[in-house]
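Each remark here refers to the structure printed beneath this line.
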Amino acid sequence: MASNNRRVGRECALKILFALKLDDQTNVGWLLNTFWETFRFADDALGEPLETVDEPLPTAAKLFAETLVNGVVEYRSVLDREIREVAKNWSLERMTAVDLSLLRIGAYELLYQPEIPVRVTLNEAIEIAKRYGTKESPSFINGLLDKIAQKAKKSAE
């Protein structure tokens, strides 16, 4: 799978998880179907949606996004516990929805997608945080995901 497909997949997953908010009882399958049916992609699928353009999203990107969304939903309690353990003086409720969604995606990749190199997961999360988060988001996300990665590495040894 090309790295651009994974970037597109990660950004779509972020948008879907942001819409889901994971605190309500929205049906994930319904939300995924609605997202794919209604989201309009410009030449750059990472860009803003346009009402008049309907470019097909690469299948690999769509499948990767769905893997991330379903994984975050399924393992949310584990992911949130891992994030809480490394987020000293930060409750999940204090985190922005974008930061928390990116942390959940990154933690899912680190813990359940061993074929993805740790550096790739961290770099992608940072780059996406630069685009969608606050000016503090990249360093905040990098610091927490790095701690989760180090902890996971120690557990695996």
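Just so you know, all these numbers are worked out from the coordinates, no wet-lab data involved. Everything numeric in this text was worked out from a predicted model, so none of it was measured. Cβ: placed from backbone, ideal geometry, glycine included. Neighbour counts: every protein chain shown.
For segment 68-79, the tally of residues that are of a type in the set (S, T, N, Q) and over 14 Å from K15 (Cα atoms) stands at 1. Of the helices (runs of 4 or more DSSP H) lying entirely inside segment 67-157, those carrying at least 3 residues that are under 22 Å from V28 (Cα atoms), of a type outside the set (K, R) and in contact (Cβ under 8 Å) with a residue 40 or more places away in the chain are 97-112.
Name every residue in segment 116-150 that is over 18 Å from K15 (Cα atoms) and touching a Leu at 6+ places or on another chain (Cβ under 9 Å), in order of residue number. Passing the criteria: I116, V118, L122, F140, N142, L144, L145, D146, I148, A149.
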